[in-house]
1. What residue, among those in region 168-208 that are under 21 Å from residue 150 (Cβ atoms) and among the basic types (Lys, Arg), is modelled with the highest pLDDT?
2. State which residue is least open to solvent (accessible area, probe 1.4 Å) when the search covers only region 59-74 and only residues that are touching a residue at least 60 places away in the same chain (Cβ under 8 Å) and among the polar types (S, T, N, Q).
3. Just checking, how many residues over region 219-238 are open to solvent by less than 100 Å² (accessible area, probe 1.4 Å) and not in a helix (DSSP H, G or I)?
4. How many residues are surrounded by fewer than 17 Cβ atoms within 10 Å (Cβ to Cβ) and of a type outside the set (Ser, Thr, Tyr) if we restrict to region 88-105?
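The values are calculated or read from the model by the stated rules, or taken from the named source; none is laboratory data. All values reported here derive from a predicted model rather than from experimental measurement. Because the Cβ atoms are built from the backbone with ideal geometry, glycine has one as well, and the counts that use them run over all protein chains shown. Areas reflect the complete protein model, heavy atoms only, side chains present, ligands, DNA and RNA absent. Shrake-Rupley method; radii C 1.70, N 1.55, O 1.52, S 1.80 Å.
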Amino acid sequence: MKEVSGGKGTARTGTAAVKSKMGGNGAEWSSCSRFFSFMVSVLLLAGSGLMVDALRFEVPAASTKCLAEDIQPNVLVLGDYSVVSAGDASHRITVKVTSPYGQQLYFQDSVQSGQFGFTTKEGGSYMACFWMQNAPPSLTISVDLDWKTGAAAKDWDDIAKKDKLEGMELELRRLEEEIEAIHSEMLYLKDREKEMRDLNETTNSRVAWFSIMSLFICLSVAGWQLWHLKSFFERKKLL
């Protein structure tokens, strides 16, 4: 330990130490700020990656094209579709959206574009089917479908105006919704996995008991046949 003599020298040394400490805290704060900015950037990229892009597919005249997505209950679903190439503008499509139990949620006949939206009541596979009626067999059209669920289906411009959110506040609000949706989806998948595991265990248990009963019945029939043959030979005095 180095001793410093003199009041002024001591004061200068103390001031330098305070400045050094403040400089260290400033460096730490700058590092934390950079780390926070990096994490926000990563979350923004992740949030933008969660948005559903439009899907383009072909619909032949002689078949039906169906797309399905497994969605949990109480989730907002929004879909926009449009015919992008049909050769002849008179060719249109018929669209039907059904729930996991076959309930019709949306139906439009002979349209070139449209939008459907609903809130799911039960979890499962929701299906959207597209087909053409009275079209030439060789005709194939292309359809764009923008299927959004959860936070991606919300009107964020309207939310920003209603809640007076701007810039980073809006992005953080959107990211919060996306994270909650991901967490809810993980819990839903966990519950579905548990249901499937319980079903598999129940099925395996039933198969095992059925195998044991089948073996017991086979042994019983074999024993009865041996007893019957023994009784027959004894009556014939062959034994």
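1. 190
2. Ranking the qualifying residues of region 59-74, first place goes to 72.
3. Selection size over region 219-238: 0.
4. Residues in region 88-105 being surrounded by fewer than 17 Cβ atoms within 10 Å (Cβ to Cβ) and of a type outside the set (Ser, Thr, Tyr): 6 in total.
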